[in-house]
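**Q** Below is the structure I would like to discuss, written out as structure tokens.
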Amino acid sequence: MLEIKNLHARVADEGTEILRGVDLTVNDGEIAAIMGPNGSGKSTLSYILAGREDYEVTEGDILYNGESILEMEPDERAASGLFLAFQYPLEIPGVATMTFLKTALNAQRKARDEDELTTPEFMRRVKAAAGDLKINPEMLKRPLNVGFSGGEKKRAEILQMALLEPKLCVMDETDSGLDIDALKIVADGVNALRSPERSFLVITHYQRLLDYIVPDTVHVLSNGRIVKTGDKDLALQLEREGYSQIIEEAA
């Protein structure tokens, strides 16, 4: 599904190197978690996967289903099945949530040479997915993310994920700002999307998210490199002991 090879990247305007040789493989159907201290490069990695322009890859490659995506535009990556859930979803005044969802869904269907959904079919899909995520229908009548609580913003992103049905879901600290009830709802939404054909890259500071979205593998990112890989027990070890010892061992 995803293979990252010796990835080096920097902030384009500043030249500050953030990633210093990331190697990572995520297989079909796998949930891989990335954990690490602040400033280790976790969010940078998610932005580069999505194609954010203010980061520059200086070395290495990113293969998605065997093909390099480095020259692909963000919309092309999205149409190919790559989805990024942001740590802080943007508010977009003036853009109705339902209009945004329908436009995004039909744009991807068009890119895949599929027929656009009719309004009744689109409404049926949204109603079903929103119900599963306990989203108040009134929320969908507002401009996108405007006035949403932190939990509502994250639920709205999981709703987008459910509708778009991506193959690779990159989740950048989705648990940030969530209370325990919202965390469980978001995790249930993610778990409902698990399948042998869909992979997840879950980026988080804290082990608590991984109580609800149980990973197959856990990778520790420090100073722009993966310094340790293990199973779900590694996340529990980090919760007990912190990052210091693992980082020192890798130095």
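**Q** Just checking, does segment 41-61 include any residue being crowded, with 16+ Cβ neighbours inside 10 Å, in contact with a Ser or Thr (Cβ under 9 Å, 6 or more places away or on another chain) and farther than 27 Å from Gly230 by Cβ?
**A** Yes, because at least one residue in segment 41-61 is crowded, with 16+ Cβ neighbours inside 10 Å, in contact with a Ser or Thr (Cβ under 9 Å, 6 or more places away or on another chain) and farther than 27 Å from Gly230 by Cβ.
**Q** Here is a follow-up. Identify, please: which residue in segment 134-147 is within 22 Å of the chain's Cα centre (by Cα) and within 20 Å of Val190 (Cα to Cα) and is, among those, surrounded by the fewest Cβ atoms within 10 Å (Cβ to Cβ)?
**A** Lys134
Yes/no matrix, rows are residues, columns are (1) over 15 Å from the mean Cα position of the chain (by Cα); (2) polar (S, T, N, Q):
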{"site": "Gly21", "(1), (2)": "yes, no"}
{"site": "Thr25", "(1), (2)": "yes, yes"}
{"site": "Asp28", "(1), (2)": "yes, no"}
{"site": "Ala32", "(1), (2)": "no, no"}
{"site": "Pro37", "(1), (2)": "yes, no"}
{"site": "Gly41", "(1), (2)": "no, no"}
{"site": "Leu45", "(1), (2)": "no, no"}
{"site": "Arg52", "(1), (2)": "no, no"}
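**Q** Can you pull out the residues in segment 124-144 that are outside any helix (DSSP H, G or I) and modelled with pLDDT of 85 or more? It would help to see each step written out before you state the result.
**A** Of the residues in segment 124-144, the ones outside any helix (DSSP H, G or I) are 133-136, 142-144.
Scanning segment 124-144 gives Arg142, Pro143, Leu144.
**Q** I need a count of the residues in segment 1-56 that are among the polar types (S, T, N, Q) and under 21 Å from Tyr243 (Cβ atoms). Break it down stepwise before answering.
**A** Initial filter on segment 1-56 (among the polar types (S, T, N, Q)): 6, 16, 25, 27, 38, 40, 43-44, 46.
Now drop any that are not under 21 Å from Tyr243 (Cβ atoms), which leaves 38, 40, 43-44, 46.
Counting residues in segment 1-56 that are among the polar types (S, T, N, Q) and under 21 Å from Tyr243 (Cβ atoms) gives 5.
**Q** I would also like to ask the following. Please state which one of Lys228, Lys154 is without any contact (Cβ under 8 Å) to a residue 24 or more places away in the chain, charged (D, E, K, R) and closer than 29 Å to Arg10 by Cα. Full working, then the answer.
**A** Numbers: Lys154 fails: without any contact (Cβ under 8 Å) to a residue 24 or more places away in the chain.
Every option except Lys228 fails the conditions.
**Q** Continuing with this model, one more query. From Thr16, Thr99, which residue is surrounded by fewer than 18 Cβ atoms within 10 Å (Cβ to Cβ), more than 24 Å from Ile135 (Cβ to Cβ) and out of contact with any helix residue (DSSP H, G or I) (no Cβ under 6 Å at 6 or more places or on another chain)?
**A** Details: Thr99 fails: more than 24 Å from Ile135 (Cβ to Cβ).
Of Thr16, Thr99, the one residue that is surrounded by fewer than 18 Cβ atoms within 10 Å (Cβ to Cβ), more than 24 Å from Ile135 (Cβ to Cβ) and out of contact with any helix residue (DSSP H, G or I) (no Cβ under 6 Å at 6 or more places or on another chain) is Thr16.
**Q** Shifting gears a bit: If you take just the helices (runs of 4 or more DSSP H) that sit entirely in segment 151-251, which of them hold at least 3 residues that are buried (at least 20 other Cβ atoms within 10 Å of the Cβ)?
**A** Fully inside segment 151-251 and qualifying: 180-192, 232-241.
The values are calculated or read from the model by the stated rules, or taken from the named source; none is laboratory data. What you see is a predicted model, and the numbers here were worked out from it, not measured in a lab. Using ideal geometry, Cβ is built from the backbone for each residue, glycine included, and neighbour counts are taken over all protein chains shown.
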